[in-house]
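A.B. asks: This is the structure I want to talk about, given as structure tokens.
Coordinate-derived values only; no laboratory data. Here the structure is a predicted model, which means the values were calculated and not measured. For neighbour counting, all protein chains shown are included, and Cβ atoms are generated from backbone atoms with ideal geometry for every residue, glycine included.
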Amino acid sequence: MREYITTFLSTLPYGIYLTNRFVQAGFIMIFSIILAKLLLFSFTKYFEKFAQKTKNKVDDLIIERTKKPLFYLILVYGLKLAILSLGINGIVQKTVNTLMAVVFVFILLRIFDIIIESWGLAFAKKTKSNIDDVLLPLFHKAARVVFVVITIMWVLSIWEINIAPYLAGVGISGIVLGLALQDTLKNIFGGITLVLDKTYIVGDKVKLESGDVGTIYDIGLRSTKIVTYDNEIIYIPNGYLSNSRVQNYTRPSPRVRTHVEFGVDYGTDIQKVKKVILNTLNNMEDILKDPEPVVAFLSMGDYALKFKASFWVDKWDQAYSKKLEATEKIYNALNKAKIGIPFPTHTIYMKK
């Protein structure tokens, strides 16, 4: 660009323009602004209309999200040429070069984000496995970190900062940093392990070793978020989850069995109890007939004959409400059949 403007100035009748660096720098900036405006106009007038005719939306997003950064990149490049024409070096030139590097990497990052969001997520949805649905966001976050590191290294080289002495101590500092980030790294690798092992996915209902029950809301790079029945989010480090016992109610299928335990008076006909309870369960809605409900006589307790009624529901989110409903109906059915429900009592024998 600078050579074209110099040639253009040499054709002017006034030779003073050839020696005036400020005029040359001004022409460079004006030419840069015109070129940037022309590029922005071309994107809006032609490229966007051409992209709208294509089937995919990737080109539309790339044009939409990169036209302004490219506009500023041309302006910054023109500023760099203007500064060179003025013979200005040092901090000003390094600052402009830094701006160019940041804008350029920002454009690349936007294009990368569009590719991941469009093609990557579309590919993940087509696959049967859920591993890529979780690993893709993790890869996206890690790649953004890499872009930031590259930008920092580029800026350091622009400012002629020698990082060799710092790299010499990477061995020792790496050990110290590894010890300091031990828990963080354990959580990151724990999250990758959970995804690869298919321990759970977003939407699964799980019960933790601590007794907390909830639905998987998000699997992050460092922690997993679980929403409880009280609509509270619990943040759990992935390192803890990868080394603890997790009960998944959704796998291998959303069907789940629930139980209601109860007791009756001694001397009650066991077959009558089973018949009354089975009739009650079979008349309830949303209780599966296959497998059919079961009433088991467990033991002869201290003050009652102990039973357990078991039945299946189609989805795990129905289990709790159906258990409450079955408990109420079993109590009413026992009362209606005049089957006694005992409570703890003590019989005292007095010796004369």
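A.B. asks: Kindly rank 284-291, 343-350 from highest to lowest mean number of other beta carbons found within 10 Å of each residue. Spell out each step's value before the answer.
C.D. replies: On the way: 284-291: 11.1, 343-350: 5.8.
Highest-to-lowest ranking by the protection proxy: 284-291, 343-350.
A.B. asks: Cross-link list LYS53/LYS225; LYS198/LYS274; LYS141/LYS198; LYS49/LYS225; LYS68/LYS225; LYS272/LYS315: which exceed 32 angstrom alpha carbon to alpha carbon?
C.D. replies: Numbers: LYS53/LYS225 42 Å; LYS198/LYS274 40 Å; LYS141/LYS198 21 Å; LYS49/LYS225 43 Å; LYS68/LYS225 37 Å; LYS272/LYS315 30 Å.
The answer is LYS53/LYS225; LYS198/LYS274; LYS49/LYS225; LYS68/LYS225.
A.B. asks: Within the set of other residues whose C-beta is less than 12 Å from the C-beta of TYR46, count the net charge using Lys and Arg as +1 and Asp and Glu as -1. Could the numbers behind the result be given before it?
C.D. replies: Details: positive: LYS45, LYS49, LYS53, LYS67; negative: GLU48.
Every neighbour counted, the sum reads +3.
A.B. asks: In nm, to one decimal, how far is the GLU117 label point from the LEU288 one, both placed 7 Å along Cα→Cβ?
C.D. replies: For GLU117 paired with LEU288, the spin-label model returns 4.1 nm.
A.B. asks: Additional query: Counting other beta carbons within 10 Å of each residue's own, what order do LEU40, LEU81 fall into, fewest first?
C.D. replies: Working: LEU40 15, LEU81 20.
Ranking LEU40, LEU81 by Cβ neighbours within 10 Å, fewest first, gives LEU40, LEU81.
A.B. asks: Pop a pseudo-label 7 angstrom from the Cα along the beta-carbon direction at both VAL202 and VAL23 and give the gap in nm to one decimal.
C.D. replies: Output for this residue pair reads 6.2 nm.
A.B. asks: Hey, what did region 198-248 get for relative contact order, percent, Cα under 8 Å, at least 6 apart? Show your work: numbers first, answer last.
C.D. replies: Working: 84 pairs, mean separation 17.3, N = 51.
Averaging sequence separation for qualifying contacts and normalising by length gives 34 percent for region 198-248.
A.B. asks: For LEU38 and ASP218, what is the calculated FRET efficiency with R₀ set at 35 Å and r taken between the beta-carbons, to the nearest 0.05?
C.D. replies: Working: r = 45 Å, r/R0 = 1.28.
Efficiency computed from Cβ-Cβ geometry: 0.20.
A.B. asks: Here's something else I'd like to know. Restricting to Cα pairs below 8 Å that are 6+ residues apart, what does the relative contact order work out to for region 242-329? Please round to a whole percent.
C.D. replies: Details: 117 pairs, mean separation 35.3, N = 88.
Here the relative contact order equals 40 percent.
A.B. asks: Then there's this: Give me the one-decimal nm value for the distance between modelled label points at GLU160 and PHE50, 7 Å along each residue's Cα-to-Cβ direction.
C.D. replies: Modelled inter-label distance: 4.3 nm.
A.B. asks: If R0 is 56 Å, what FRET efficiency do you get for GLU64 and GLU261 from their C-beta distance, rounded to 0.05? Could you put the intermediate results ahead of the total?
C.D. replies: Values: r = 62 Å, r/R0 = 1.10.
Computed FRET efficiency for GLU64 and GLU261: 0.35.
A.B. asks: Okay, moving on. Find how much the distance from PHE297 to LYS351 grows on full extension, using 0.36 nm per residue of separation minus their present alpha carbon separation; answer in nm with one decimal.
C.D. replies: Numbers: separation 54, 0.36 × 54 = 19.44 nm, distance 3.60 nm.
Extending this stretch completely gives an extra 15.8 nm.
A.B. asks: Taking the square root of 5 times each eigenvalue of the Cα gyration tensor, what semi-axes in Å does the equivalent ellipsoid of region 256-336 have, largest first? Walk me through the intermediate numbers first.
C.D. replies: On the way: eigenvalues 99, 29, 25 Å².
They are 22, 12, 11 Å, listed largest first.
A.B. asks: Now a separate question. May I ask you to list the aspartates and glutamates whose Cα is less than 20 Å away from that of LYS45, ignoring any residue fewer than eight positions away on the same chain?
C.D. replies: ASP59, ASP60, GLU64
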